[in-house]
1. If residue A:398 passes every condition in (1) modelled with pLDDT of 90 or more; (2) farther than 24 Å from residue A:33 by Cα but one, which one does it miss?
2. Whether any residue in segment A:314-334 is within 20 Å of residue A:282 (Cβ to Cβ), within 14 Å of another protein chain (Cβ to nearest Cβ) and not β-branched (Val, Ile, Thr) is what I want to check.
3. Checking residue B:189 against (1) modelled with pLDDT of 90 or more; (2) under 14 Å from residue B:92 (Cα atoms): exactly one of these is not met. Which one?
4. Of everything in segment B:1-28, what is closer than 15 Å to residue B:53 by Cβ and β-branched (Val, Ile, Thr)? Give them in sequence order.
5. Do we find that residue B:83 is facing chain A (nearest Cβ under 9 Å) and at pLDDT 90 or above in this structure?
6. Anything in segment A:170-182 that is assigned to a strand (DSSP E or B) and surrounded by fewer than 16 Cβ atoms within 10 Å (Cβ to Cβ)? List them, or say none.
7. Any residue at all in segment B:27-35 that's open to solvent by 10 Å² or more (accessible area, probe 1.4 Å), away from chain A (no Cβ under 14 Å) and part of a strand (DSSP E or B)?
8. With respect to the numbered conditions (1) open to solvent by 20 Å² or more (accessible area, probe 1.4 Å); (2) more than 14 Å from chain B (Cβ to nearest Cβ); (3) small (Gly, Ala, Ser), which one is the sole condition not fulfilled by residue A:18?
Amino acid sequence: MKRFSLLSISVSNITCRAFRSGTLAGIVFILSFVLVCGSLFSACLRNGISSIDARLGADLLLVPSGYEQSAQGALLRGEPSSFYFEPKTVQLLLALPDVSEITPQLFIASFDSPHCSAQVQMIGYDPETDFLLSPWLNNEVPGGPGADEVIVGSKINGDVGDKLTFFARQYTVAGKLAETGMGFDTSAFVNMDMAQVALGEYIQLGGKDAPEGDGAASCIAINANPGTNLRDYSKNLRIAYSQHRVAVIETQTMLADLSSNLDTLLGIVSVLAVFLWILASTVLALIFAMSLNERRREFGIYRALGVTKSKLAAMMLTESALLSAPGAFLGLALSSVLYFMAEPLISVSMNLPYLRPNVQDIALILAGGFLVSLVTGPLAALFSAARIGKVSTAAIIKEGA
Amino acid sequence: MLLEVNQATKLYKRGTEEFKAVDNASLSLNPGEYAVINGQSGSGKSTLLAIIAGLLNLDSGQASFDGTDIGTLGDKKLSALRNEKIGFIPQGQCLLSNFTIIDNVALPGLLAKRKNSRERAKALLDRLGIARLANQYPARLSGGEIRRAAIARGLINEPKLVVADEPTSDLDPANSLNIFELFNEIALSGAAVLVVTHESQKPNGCHKRYLMNDGVLLLES
C-alpha cells in the first residue's frame with residue numbers, strides 16, 4: 001500500500017474476502033439483470049401500444065361479422081387472414097352517412113407455396129380515399145405504390161428494387177417501412193387496383209372464401225363526423241346492417257382493451273421487480289449488518305489508529321459501491337445481450353404489439369437499470385455504516401469482541 | 001502536565017441497572033513518565049484508556065491532553081489527536097489481517113500523510129527485532145511478534161503518549177519482560193507511557209503504579 005486512501009483500503013478489504021464479495025456482487029448482478037430485462041420488456045410493449053395508437057387513426061373499423069378477431073390479429077400481429085365483404089355490401093357501406101372519412105382495405109393472405117415469396121398479409125388500400133396508411137406510406141413512396149409495385153413491412157425480406165412474387169405475379173419493392181411493432185411489419189402494401197388483381201389470382205390459385213368480381217373489401221375504416229357519439233353510431237350501424245353481416249370494431253375500445261391487458265402484464269412485471277429490489281436490498285442489508293458484526297474489531301482498530309467515524313462509514317459505503325459496480329455492469333451487459341438475442345422470440349410469443357424504443361430511450365433504460373442496481377448496495381449498507389462508530393468503539397475496549 | 005484526568009466517571013447500563021465503569025478516577029502523567037495500571041478483568045481499565053484516547057465520552061469529570069480538554073473536541077480533531085499524538089495499542093490481536101506487517105505499521109503514518117512512513121516502519125521493525133517479518137501477514141506471526149508489530153505501529157508517528165492495553169496478556173514471561181523493557185526505552189526517549197496490565201510486578205523503570213478496582217483508581221504509594 002503506497003498511500004492511504006479509501007479506495008485502496010476498500011479494494012484490499014474486498015479482495016481478501018473473495019467469497020463474501022462474490023456473493024454480494026452476485027446479488028446485485030441478479031437484480032441488475034432482472035431490472036434491465038423487465039424495463040426493456042415493458043418499454044417495448046408500451047412503445048408497441050403507442051405505435052398502434054399513432055397509426056390506427058380511425059374511429060371505427062367495419063369487418064365481416066365473425067372476423068373481428070382475425071381483423072385484430074391481422075392489424076396487431078400480422079397474422080395472415082383472408083375475409084371479405086361482397087362488392088355490393090362494400091358499395092352500401094362506402095355510402096354511409098355522417099362520416100368525414102371512409103376508405104376500404106382488402107386483406108389477402110399469401111400462400112406458403114412457390115407462387116409466393118413469403119407468407120405475409122397483403123393489404124390493398126385506396127390512396128385516393130385512404131387516411132390510415134397514406135400519411136406514413138407516402139413518406140416512403142409519395143403517391144403510394146403503382147402497378148406491380150409493393151411497399152413492404154420492416155420484417156419482410158426484400159429491399160427497395162428487389163422483386164417479390166405474390167400469387168405468381170412479380171412485384172417490385174418500391175419502399176420499405178420502418179418498424180411499427182404492429183402486424184404492418186409483416187405486411188405488404190399494394191394499391192387497391194393491384195389488390196383486386198391479386199385477389200383474382202388468389203382465387204385462380206385455389207384461395208378460399210373469396211367473392212367473385214371487383215370491388216370486394218375486407219375492412220372499411222371510418223372517421224365519423226366531429227361530435228358524433230361513436231357508441232350510438234356504431235350501435236345504429238350494427239342494427240342497420242345486421243342482415244349484411246357487418247361487425248363494428250371501435251378502435252379506442254380495442255386499444256383500451258390492449259392497454260388494459262398490457263397494464264396487467266406490466267403491473268405483474270413491476271411488482272416482481274419491486275419485490276426483487278426489496279428482497280435484494282434486504283439480503284444485502286443483512287449481509288452488511290453481519291459483516292459489520294464480524295468486522296467490528298477491525299473497524300475498532302481503524303478507530304484506534306485515528307480514522308474518523310465518517311471515514312469508516314465512507315469506507316463501508318465505498319466497499320458496497322465497489323461490490324455493486326461489477327455486479328450491476330455484468331447484469332446490464334448480459335441482460336442486454338441476451339434480451340436482444342431473444343427479442344424475436346419474445347415479440348412473437350407475447351401476442352401483444354411490441355416495438356423496440358429508439359436508441360436514446362434504450363440507453364436511458366440501461367443507464368437507469370445500472371444506476372438503481374449500483375446504488376442498491378450503498379443504500380443497503382447505509383444502516384450498518386451509520387452504526388459503525390458505536391460498534392467499533394465497543395469492540396476496541398473488549399478483547400475479541 | 002501532558003495527561004491529566006480529573007474525577008472522571010463513566011456510566012454503563014447493564015439491562016436496566018446503571019453502574020460506574022470508571023468511578024471518579026484521577027490520573028496524571030508528565031512527558032517521559034512511565035505508569036502502569038493494575039486491576040482485575042472488568043475493573044474499568046480498558047474503559048479508562050478509551051476515555052484517555054478520546055474513544056469514549058465522560059459522563060462527568062475531565063480528561064486533558066497537553067492542556068486541551070479532549071471532551072470538547074469533535075470526532076475529527078479527536079481522531080487526529082489519536083493518530084498523531086497518542087500511540088494507542090489495543091488489547092489482543094490488533095493488527096489488520098489483510099495488510100502485511102509493514103503496511104500495518106506504516107498505516108497511521110500514511111493516514112497522517114507523513115512522509116517516509118514506510119521507511120520509518122522498517123526502522124521500527126528493525127529496532128523491535130522483527131524486520132524479517134515485514135512482508136508477512138499477521139496470521140503467520142506468533143503472539144509476541146504481533147505485540148511487537150502493534151507497538152511499532154503505536155510509535156510510527158512519534159507520539160507524545162503511548163497507551164497500551166494488556167500488551168503482554170498472551171505472552172510468556174520472557175517475552176513480557178522484553179515488552180516492558182521496550183516501554184521503558186520509549187519513556188526514556190521522552191514519551192509518556194501508560195500501560196494497563198495484569199502483571200502484579202512493577203516493571204523496571206516504571207514511575208507510577210495505579211490500582212483499579214470496580215472503577216475506582218488508586219495511586220500506589
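The values are calculated or read from the model by the stated rules, or taken from the named source; none is laboratory data. These numbers come from a predicted model, not from an experiment. As a convention, Cβ positions derive from the backbone with ideal geometry for all residues, glycine included, and neighbour counts pool all protein chains shown. For the accessible areas, the whole protein counts, side chains as well, though only heavy atoms, and no ligand, DNA or RNA atoms are used. Shrake-Rupley method; radii C 1.70, N 1.55, O 1.52, S 1.80 Å.
1. (1)
2. yes
3. Going through (1) modelled with pLDDT of 90 or more; (2) under 14 Å from residue B:92 (Cα atoms) one by one, residue B:189 breaks only (2).
4. Matches in segment B:1-28: B:5, B:22.
5. Numbers: facing chain A (nearest Cβ under 9 Å): yes; at pLDDT 90 or above: yes.
Taking the combined requirement at face value, the residue satisfies it.
6. A:170 - this is the single residue of segment A:170-182 that is assigned to a strand (DSSP E or B) and surrounded by fewer than 16 Cβ atoms within 10 Å (Cβ to Cβ).
7. Yes, segment B:27-35 has at least one match.
8. The one condition residue A:18 does not meet is (2).
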